[in-house]
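Chemist: Got a structure for you, questions after.
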Amino acid sequence: MSLPENVINGAPPSREVRLRGCGVAPGISIGPAYVYARASITVEEQSIRPEDVASELERFEGALVRSERDLKKVVAVANERLGDESVAVFEAQILMLKDEAVLDEIRTMISSRMMKSDYAVRFVLTKHRQRLEASGNEYLQERSSDIRDVEERIITHLRRNKLLSAIDPHTIVVAENLTAADVILFSRRGILGCVMDYGGSTSHVSIMARALGLPTLVGAHSATQSVRTGDTLIVDGLSGALIINPTRETTERYGRLQSRYTQILEEQKEYVPLPAETIDGRRIALRANLEFKSELELLDEYGAEGIGLFRTEMLFLTEGRLGVSEEDQYKIYSRFVEASGDHGTTIRVLDLGGDKLLPVAHREHNPFLGWRGIRVLLDKQDILRTHLRAILRASVYGKLRILLPMVTTLEEVKRFRVVYNSVCDELRAEGIAFDEAIRIGAMIEIPSAALTADQIAAEVDFLSVGTNDLTQYVLAVDRGNDLVAELYQELHPAVLRLLRMTVDAAHAHGKTVSVCGEMAADSRNVPILVGLGVDELSASPVYLPQLTRIIRSIEYTDVSDLADRALNSSDAEAVRCLLDDWLKSHPYDLLHILDS
Ligand code: PEP
Ligand code: MG
């Protein structure tokens, strides 16, 4: 990427400031900042011109429609999940959106007093809120918070369009927090990178940023306070550095680092055609984690043996609704299956919930322990059936496996099979062709599933370990919370022991085990994962050549011994020391390869 004009030609705007975050998507970006205030509800009094009244009224009506649509979906979900007593609050909010007296007051402020709609909404609803608060009646006082919710919802809808369209394509977005959906939307506008005050490296927004190739930092704490829109930024997604208004020397140095990084990626390509096989002949399948059609070309570029994890929920997140049609799904899945050739695609059925919320989803206090993954699908069988029909129909284009997310109990696998068999019967009755021998696998990402992996392995065709979730559930550490990021330790012996249990259970039943969490992308972890007996690794394509390189430099017997010692270590730090010592003493100078 070229350096910004103002840095090459003019003096740097102001003093260089450095902050630290956690680099979650590799690469270096240099460019102007755009500070994105996601929930900024500061509303200033602003008037409009007489000729803008009609479009302003239209904007207001549009925000009302979108707010009502949100709330209706919230009501539907709350009704189904929590019972009808839970929906009263949201229904009351819908009624507020239809209160003509209040709406007319707002419209009048826009049309007669020529106020901007954000301000008109805030002004009128604040007045109503204050009246309730002053009433001395407890019930009415409580309703005032509903008015605030409605007000924020309308203003957010009024703002959202504007904010999105205001983002300059070639900027680095700085925000307190972004959702996976935000990053997808922003990336469509061609942004250069992201910086967030909060977040963890295996959160979905980080995974998304990696998939989109956007150099990204999370956990940069005060970034939104230190950066102003227009400042020049350097985002180093490799080391986690954020540099605000860099000097000319710093910018030039990072320009050189950027070129060096591109060169290393190029050099690693020599490993693309080589098999990932240890010196003593143990073959490890390396597959790709993909989320977008645009990434399919990376399969060949980085030598992936098919797709080990296709996170289908991203399609639903980009659409922003649950009702993506069978036809639309079918078209996308067919493309993936076709493009993945002989090795095939592992399609993971929808894993909504946790931090992969649809914009319309209802709020849960503890979403990672809530309505997520297979739990949602078994409850919403209409969605599951449409989803399965599309997947099954796509299976005629090549090799396809199905993966079930968030399996907690064997019972869920059995219930899934009942629905699956019934969808197969339906297609047969309609004379629609599909592959009759699709393999079905379970993700092992909840401790209960790892602990009962022997029973689950008997019911499925393969297992895939989601270390991102497994680590958070085993160690009780939120994967997206930078305050506890230090405690998020994939190499903790407790995680490794569950991995070993899973591998042993699968192998006892003649089934394979893959690791598709971010742990598999870090080549430092390879000796331990291979040593534990894992058969396949699945990671973002860009990491695969380096994984091949490491696998080709180790001996299975050697790393098995290392893994055994890791299992008996006291904590993650002890495992890291063990690994470092092992790497240092390794004849192939692995440490040097890793540090490059
Ligand atoms: C995991 O949990 O490791 C995983 C691969 O699934 P996701 O990151 O989509 O939750
Ligand atoms: Mg997971």
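The values are calculated or read from the model by the stated rules, or taken from the named source; none is laboratory data. These figures come from a predicted structure and were not determined experimentally. Ideal geometry is used to build each Cβ from the backbone, glycine not excepted, and the neighbour counts take in all protein chains shown. Keep in mind that these areas ignore ligands, DNA and RNA; they rest on the heavy atoms of the full protein, side chains included. Shrake-Rupley method; radii C 1.70, N 1.55, O 1.52, S 1.80 Å.
Chemist: How many of the residues in the range 101-130 are in a helix (DSSP H, G or I) and either closer than 16 Å to residue 157 by Cβ or modelled with pLDDT of 90 or more (or both)?
Modeler: Of the range 101-130, the ones in a helix (DSSP H, G or I) are 101-111, 117-130.
Keeping just the survivors that are either closer than 16 Å to residue 157 by Cβ or modelled with pLDDT of 90 or more (or both) gives 101-111, 117-125.
So the count comes out to 20.
Chemist: Can you confirm whether residue 465 is in contact with a strand residue (DSSP E or B) (Cβ under 7 Å, 6 or more places away or on another chain) and within 16 Å of ligand 2 (Cβ to nearest atom)? Walk me through it before giving the result.
Modeler: Values: in contact with a strand residue (DSSP E or B) (Cβ under 7 Å, 6 or more places away or on another chain): yes; within 16 Å of ligand 2 (Cβ to nearest atom): yes.
In short, yes.
Chemist: Kindly check whether there is at least one residue in the range 341-364 that is among the small types (Gly, Ala, Ser), in the same structural domain as residue 511 (by TED's automatic domain parsing) and within 16 Å of ligand 2 (Cβ to nearest atom).
Modeler: Restricting attention to the range 341-364, the residues satisfying the condition of being among the small types (Gly, Ala, Ser) are 341, 344, 353-354, 361.
Okay, now just the ones that are also in the same structural domain as residue 511 (by TED's automatic domain parsing), so 341, 344, 353-354, 361.
Imposing the further condition that a residue be within 16 Å of ligand 2 (Cβ to nearest atom) reduces the set to 353-354.
Within the range 341-364, one or more residues are among the small types (Gly, Ala, Ser), in the same structural domain as residue 511 (by TED's automatic domain parsing) and within 16 Å of ligand 2 (Cβ to nearest atom).
Chemist: Tell me, which helices (runs of 4 or more DSSP H) lie completely within the range 487-596 with 1 or more residues that are touching a Ser or Thr at 6+ places or on another chain (Cβ under 7 Å), more than 16 Å from ligand 1 (Cβ to nearest atom) and open to solvent by 60 Å² or more (accessible area, probe 1.4 Å)? Reasoning before the result, please.
Modeler: Values: elements: 493-508, 526-532, 544-551, 556-567, 572-584, 590-595.
Because the criterion is at least 1 residues that are touching a Ser or Thr at 6+ places or on another chain (Cβ under 7 Å), more than 16 Å from ligand 1 (Cβ to nearest atom) and open to solvent by 60 Å² or more (accessible area, probe 1.4 Å), the helices (runs of 4 or more DSSP H) in the range 487-596 that meet it are 556-567.
Chemist: If you check 289, 245, which single one turns out to be modelled with pLDDT of 90 or more, under 30 Å from residue 337 (Cβ atoms) and either among the polar types (S, T, N, Q) or assigned by TED's automatic domain parsing to the domain that holds residue 24 (or both)? So that I can check it myself, show each step before the final result.
Modeler: Working: 245 fails: under 30 Å from residue 337 (Cβ atoms).
From the options 289, 245, the qualifying one is 289.
Chemist: Given the options 460, 465, name the one that is open to solvent by less than 10 Å² (accessible area, probe 1.4 Å), under 23 Å from residue 310 (Cα atoms), away from ligand 1 (no atom under 16 Å from the Cβ) and of a type in the set (A, V, I, L, M, F, W, C). Steps first, answer last, please.
Modeler: Working: 465 fails: away from ligand 1 (no atom under 16 Å from the Cβ).
That would be 460, the only listed residue that is open to solvent by less than 10 Å² (accessible area, probe 1.4 Å), under 23 Å from residue 310 (Cα atoms), away from ligand 1 (no atom under 16 Å from the Cβ) and of a type in the set (A, V, I, L, M, F, W, C).
Chemist: Which of the residues spanning the range 436-446 are buried (at least 17 other Cβ atoms within 10 Å of the Cβ) and away from ligand 2 (no atom under 16 Å from the Cβ)?
Modeler: Keep residues of the range 436-446 that are buried (at least 17 other Cβ atoms within 10 Å of the Cβ), which gives 438-446.
Selection gives 438, 439, 440.
Chemist: Name the residue, out of 218, 183, 205, that is within 15 Å of the chain's Cα centre (by Cα), outside the structural domain of residue 353 (by TED's automatic domain parsing) and modelled with pLDDT of 85 or more.
Modeler: Testing whether each residue is within 15 Å of the chain's Cα centre (by Cα), outside the structural domain of residue 353 (by TED's automatic domain parsing) and modelled with pLDDT of 85 or more leaves just 218.
Chemist: On to the next question. I'm checking my understanding of the structure. Among residues of the range 381-435 that are open to solvent by 70 Å² or more (accessible area, probe 1.4 Å), assigned to a helix (DSSP H, G or I) and over 27 Å from residue 450 (Cα atoms), which one is farthest from ligand 2 (Cβ to nearest atom)?
Modeler: 429
Chemist: Taking only the range 474-483 into account, find how many residues are free of Cβ contacts under 8 Å to residues at least 40 places away in the same chain and assigned to a helix (DSSP H, G or I).
Modeler: Going through the range 474-483 one residue at a time, the tally reaches 3.
Chemist: Next question, about the same structure. Does residue 449 satisfy the condition of being open to solvent by less than 10 Å² (accessible area, probe 1.4 Å), within 16 Å of ligand 1 (Cβ to nearest atom) and under 30 Å from residue 300 (Cα atoms)? Outline the logic, then answer.
Modeler: Details: open to solvent by less than 10 Å² (accessible area, probe 1.4 Å): yes; within 16 Å of ligand 1 (Cβ to nearest atom): yes; under 30 Å from residue 300 (Cα atoms): no.
In short, no.
Chemist: Specify which of the listed residues (454, 478) is open to solvent by 40 Å² or more (accessible area, probe 1.4 Å), within 16 Å of ligand 2 (Cβ to nearest atom) and not assigned by TED's automatic domain parsing to the domain that holds residue 199.
Modeler: On the way: 454 fails: within 16 Å of ligand 2 (Cβ to nearest atom).
Among 454, 478, only 478 is open to solvent by 40 Å² or more (accessible area, probe 1.4 Å), within 16 Å of ligand 2 (Cβ to nearest atom) and not assigned by TED's automatic domain parsing to the domain that holds residue 199.
Chemist: Exactly one of (1) assigned to a helix (DSSP H, G or I); (2) at pLDDT 95 or above is unmet by residue 368. Its number?
Modeler: Failing condition for residue 368: (2).
Chemist: What pairs come up if the first residue lies in the range 403-423 and is farther than 18 Å from residue 435 by Cα, the second is open to solvent by 30 Å² or more (accessible area, probe 1.4 Å) and away from ligand 2 (no atom under 16 Å from the Cβ), and their beta carbons are under 8 Å apart, counting only those six or more places apart or on different chains?
Modeler: Matching pairs, first to second residue: 409/452; 410/452; 410/455; 410/459; 413/459; 414/459.
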